[in-house]
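The values are calculated or read from the model by the stated rules, or taken from the named source; none is laboratory data. In this text the structure is predicted, and so the values were computed from the model without any measurement. Backbone-built Cβ (ideal geometry, glycine too); neighbour counts: all protein chains shown.
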Amino acid sequence: MLPAHARRTRSKSLPKRERKCRVLVLSSPKGGTGKTTFTQNLLPLIASEGLNVVGVDFDPQGTLTKWARRREQTAAKRRDVQTFDILPANINDWGKVLEAIRDYDLALIDMLPSVDHCIAEVHGICGEADLIMVTTGATMSDLDSTGPWIEQLLNLGFNVTTCMNRANRRETFFEAARAQLNRLGPLCPVEVRHLSDAHAYSIDGLAAVDRSKSKARSDFAAVWDYLRREMKVEVQGE
């Protein structure tokens with residue numbers, strides 16, 4: 001594990017063009033949209049392709065960090081479990097975080113469940129991201145909160161895409177929700193379905209992508225294929 005940073009910083013980060021590490025921010029204006037679940041599934045996928053990836057946990061509850069500790073215990077018993085660094089951090093220290101991750105190939109940043117109290121800091125790190133992915137459910141209540149957030153990020157000139165989570169194509173509102181999100185801006189062409197095994201293995205620090213027979217595995221793999229193209233990430237052997 002990398003150490004957490006405890007003090008506020010005013011230091012400026014390296015420009016994106018001078019930084020080796022690609023930065024993906026997983027963001028939403030509220031909790032419960034799947035940011036951490038996406039992070040937990042994307043990290044093993046990326047590591048399995050030979051990329052040096054790090055997860056940054058800005059959530060004060062430390063859900064990603066606790067999951068990673070359980071994963072370390074499981075990995076000590078199973079050689080097939082992919083491992084990677086996790087950096088628990090305070091959003092106030094986002095400048096130091098960018099310095100700490102500069103030598104990785106890719107960093108996944110799991111943002112806080114609420115952003116209202118630290119909007120300047122959130123905008124700061126979003127401005128340094130190669131891509132921001134807003135995760136959202138497919139209900140009207142979800143869109144009422146995520147829609148304005150997506151618009152705000154786009155109006156600030158950030159590189160933003162949206163991915164639907166817990167989606168059910170048979171629900172009446174699904175197509176309307178997808179159409180509304182598509183009108184707002186870039187939208188991931190695949191969605192993560194409403195499947196229980198997307199987070200069923202967290203007790204052991206595992207994810208759906210760690211199980212070859214998991215139904216959710218293909219959803220997250222398809223999302224990663226999309227993100228990789230959007231961020232122009234080169235995988236070893238390609």
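Looking only at segment 88-95, decide whether some residue is within 25 Å of LEU195 (Cβ to Cβ) and assigned to a loop (DSSP other than H, G, I, E, B).
No, segment 88-95 contains no residue that is within 25 Å of LEU195 (Cβ to Cβ) and assigned to a loop (DSSP other than H, G, I, E, B).
Which condition number in (1) modelled with pLDDT of 95 or more; (2) in contact with a Phe, Trp or Tyr (Cβ under 9 Å, 6 or more places away or on another chain); (3) β-branched (Val, Ile, Thr); (4) surrounded by fewer than 17 Cβ atoms within 10 Å (Cβ to Cβ) is the one that THR9 fails?
So the condition that THR9 fails would be (1).
Would you mind telling me which numbered condition in (1) within 18 Å of LEU26 (Cβ to Cβ); (2) touching a Gly at 6+ places or on another chain (Cβ under 9 Å) LEU98 fails?
All conditions are met except number (2).
Have a look at THR135, THR146, THR162 and point out the one that is in a helix (DSSP H, G or I) and crowded, with 20+ Cβ neighbours inside 10 Å.
One residue alone meets the criteria, THR146.
Within segment 223-232, can one find any residue that is of a type in the set (Val, Ile, Thr) and loosely packed, with under 15 Cβ neighbours inside 10 Å?
No, the conditions are met nowhere in segment 223-232.
So, of the residues in segment 215-238 that are of a type outside the set (D, E, K, R) and farther than 21 Å from THR135 by Cα, which turns out to be modelled with the highest pLDDT?
Filtering segment 215-238 for residues that are of a type outside the set (D, E, K, R) and farther than 21 Å from THR135 by Cα, the one modelled with the highest pLDDT comes out as VAL235.
Considering only residues that are closer than 22 Å to GLU49 by Cα and in contact with a Phe, Trp or Tyr (Cβ under 7 Å, 6 or more places away or on another chain), look in segment 79-115 and name the one that is surrounded by the fewest Cβ atoms within 10 Å (Cβ to Cβ).
Here the answer is ASP110.
List every residue pair whose Cβ atoms sit under 6 Å apart, with the two residues 6 or more apart in sequence or on different chains, where the first one lies in segment 168-183 and is free of Cβ contacts under 8 Å to residues at least 60 places away in the same chain and the second, anywhere, is part of a loop (DSSP other than H, G, I, E, B).
Here the result reads ASN168/HIS194; PHE174/ALA138; ALA177/ALA138, each pair linking segment 168-183 to a residue that is part of a loop (DSSP other than H, G, I, E, B).
Pick from ALA107, ALA129, ALA176: which is of a type in the set (A, V, I, L, M, F, W, C) and more than 26 Å from PRO88 (Cβ to Cβ)?
Answer to the check: ALA176.
Please indicate, with yes or no, whether at least one residue in segment 59-70 is of a type in the set (S, T, N, Q), surrounded by 15 or more Cβ atoms within 10 Å (Cβ to Cβ), within 23 Å of LYS232 (Cα to Cα) and in contact (Cβ under 8 Å) with a residue 12 or more places away in the chain.
The answer is no; no qualifying residue exists.
Does ARG228 satisfy the condition of being free of Cβ contacts under 8 Å to residues at least 12 places away in the same chain and assigned to a loop (DSSP other than H, G, I, E, B)?
No; evaluated as a whole, the condition is false for this residue.
If you take the residues of segment 116-127 that are surrounded by 14 or more Cβ atoms within 10 Å (Cβ to Cβ) and more than 15 Å from the chain's Cα centre (by Cα), which of them is farthest from LEU227 (Cα to Cα)?
CYS118
Looking at segment 184-204, which of its residues are outside any loop (DSSP other than H, G, I, E, B) and either surrounded by 15 or more Cβ atoms within 10 Å (Cβ to Cβ) or without any contact (Cβ under 8 Å) to a residue 12 or more places away in the chain (or both)?
Correct list: LEU184, LEU187, ARG193, SER196, ALA198, SER202, ASP204.
What about THR146, is it within 18 Å of MET231 (Cβ to Cβ) and in contact with a strand residue (DSSP E or B) (Cβ under 6 Å, 6 or more places away or on another chain)?
So THR146 does not fit the description; no.
Please enumerate the residues belonging to segment 137-163 that are more than 20 Å from VAL115 (Cα to Cα) and modelled with pLDDT of 95 or more.
The answer is none; no residue qualifies.
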